[in-house]
Amino acid sequence: MKRAFLLILGLFCSMCLPACSAFGAGETLTEREPSQQEFFAMDTYMTFSAYGEGAGQALREAEEEIYRLESEWSVTDKGSEIYRVNHSGGMPVSLSDDTAEIIRFVLDMAEETGGALDPTIYPVVSAWGFTTDENRIPSQEELQTLLGEIGYDKVELDGNLIRLPEGMELDLGAVGKGYAGDLAAELLKENGVTSALLDIGGNIQAVGSRPDGSGWRIALRSPFGEGQIGVLEVSDCAVVTSGNYERYFVGEDGREYGHIIDPETGYPADNGTASVTIIAEEGKTADALSTSMFVKGLSGAEEYWRTHRDFDMILITEDGHIYITEGIESSFTLNSSFANMELHVLETAADE
Ligand code: ADP
Ligand code: MG
């Protein structure tokens, strides 16, 4: 079974490679071209760029790290840890530290988002054919049966030991790339890299700033087709987008069905959201939130942001509104060709 390709990136970086501001004008990173590593892993294209001495070797190690994580987390690779868990017949399985940690994280986020994120949703994603590219519309009955068998709260994790009830399957698709970005960034920093940009199939992981101290300029792709909605200037953080325009099919009924499933209904999330971009310190958080805020839609996502506030968000609705949280108001620039869209800033109410 082959997972569908994710060829179109939700985001891509404008690689105008400049400098580093908040990060010390005194630093002596060489101003030459960055070292680059391009490869295909985790079903997507990745481009890693880094500046400075030893950057090339560090990037090659980061690439190896991604392959290692892929081989641990793949749902389809028979040698992976996740495959072992999914075919354990209800018996306990001992996990490596990295895998135990990401599963613990995703279960915590599932709880925190009220189940909008659910790593056990895989059988439903499969029923819609998103794991094979042979898409179909499952019947209500089939979905109800599948939904009765899933649920993140049925997963037992105790230290590095996991037990998954027979028939259930775990899928780290919604957070794996974000977490892999964190680990790759960590590895680069351990190797002395202070300025790098990792593009993980549209997930962006920024290490430090550009060598001259200015922020990285990240272009946000329009969820409506061609063009870039705007540019976001960031340093030392992750920028992750989820949208149904990345992977969807048109059913026999003429409707579009996307690959992000609302675990409450078993149907693709269809709440008027075109895309959600999350800006957070860590890639795993940004990835988990981009998927779950897409499921929640505008009102649910806004409410979640108000009660957490440890991330920023750009939510674009299908009817042409852009909502951004106040933390990025000054670092986001709307592209003039999208000036017809209405920009709203979500602010923390004074009395909160
Ligand atoms: P992508 O990885 O395609 O950039 P996401 O991070 O939003 O986008 O992850 C979407 C993937 O996560 C889907 O392809 C599917 O495998 C899985 N998924 C879909 N809906 C959910 C959900 N509600 N919770 C957890 N995983 C989901
Ligand atoms: Mg995600």
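Looking only at region 55-72, decide whether some residue is β-branched (V, I, T), crowded, with 18+ Cβ neighbours inside 10 Å and more than 22 Å from V193 (Cα to Cα).
Looking through region 55-72, none of the residues is β-branched (V, I, T), crowded, with 18+ Cβ neighbours inside 10 Å and more than 22 Å from V193 (Cα to Cα).
Consider only pairs whose beta carbons are under 7 Å apart and that are at least six residues apart or on different chains; among these, list those whose first residue lies in region 284-308 and is under 26 Å from L198 (Cα atoms) and whose second residue is of a type in the set (K, R) and assigned to a helix (DSSP H, G or I).
Sorted first by the residue in region 284-308, then by its partner, the pairs are D287/K177.
Which of the residues spanning region 275-328 are within 16 Å of ligand 2 (Cβ to nearest atom) and basic (K, R)?
Result: K284, K296.
Among Y245, Y179, which is the only one that is among the aromatic types (F, W, Y), within 12 Å of ligand 1 (Cβ to nearest atom) and under 19 Å from K284 (Cβ atoms)?
Y179
Kindly evaluate I137 against the criterion of being more than 16 Å from ligand 2 (Cβ to nearest atom), surrounded by 15 or more Cβ atoms within 10 Å (Cβ to Cβ), over 21 Å from the mean Cα position of the chain (by Cα) and closer than 21 Å to K78 by Cα.
Spelling it out, it is not the case that I137 is more than 16 Å from ligand 2 (Cβ to nearest atom), surrounded by 15 or more Cβ atoms within 10 Å (Cβ to Cβ), over 21 Å from the mean Cα position of the chain (by Cα) and closer than 21 Å to K78 by Cα.
Taking region 42-63, which residues are within 19 Å of A238 (Cβ to Cβ) and small (G, A, S)?
S49, A50, A58, A62
Does region 203-216 include one or more residues that are among the hydroxyl-bearing types (S, T, Y) and touching a helix residue (DSSP H, G or I) at 6+ places or on another chain (Cβ under 9 Å)?
Checked against the condition, which is being among the hydroxyl-bearing types (S, T, Y) and touching a helix residue (DSSP H, G or I) at 6+ places or on another chain (Cβ under 9 Å), region 203-216 yields no hits at all.
Counting only residues that are surrounded by fewer than 16 Cβ atoms within 10 Å (Cβ to Cβ), give me the strands (runs of 3 or more DSSP E) lying completely in region 257-352 with at least 1 of them.
Correct list: 321-325, 332-334, 342-346.
To keep it simple, each residue is scored yes or no on (1) small (G, A, S); (2) farther than 26 Å from E226 by Cα; (3) under 16 Å from the mean Cα position of the chain (by Cα).
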site: N271; (1), (2), (3): no, no, no
site: G297; (1), (2), (3): yes, no, no
site: E303; (1), (2), (3): no, yes, no
site: F311; (1), (2), (3): no, yes, yes
site: L315; (1), (2), (3): no, no, yes
site: H321; (1), (2), (3): no, no, no
site: E329; (1), (2), (3): no, no, no
site: S337; (1), (2), (3): yes, no, no
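When you go through V239, V231, V250 one by one, which is the residue that is among the aliphatic types (A, V, I, L, M) and more than 27 Å from T333 (Cβ to Cβ)?
The match here is V250.
Among the residues in region 241-259, are any basic (K, R), within 11 Å of ligand 2 (Cβ to nearest atom) and in contact with a Phe, Trp or Tyr (Cβ under 9 Å, 6 or more places away or on another chain)?
Scanning region 241-259, I find no residue that is basic (K, R), within 11 Å of ligand 2 (Cβ to nearest atom) and in contact with a Phe, Trp or Tyr (Cβ under 9 Å, 6 or more places away or on another chain), so the answer is no.
No value in this document is a laboratory result; all are computed from the given coordinates. The structure displayed is predicted, hence computed values, not measured ones. Counting neighbours? That spans all protein chains shown, and the Cβs are built from the backbone with ideal geometry, glycine included.
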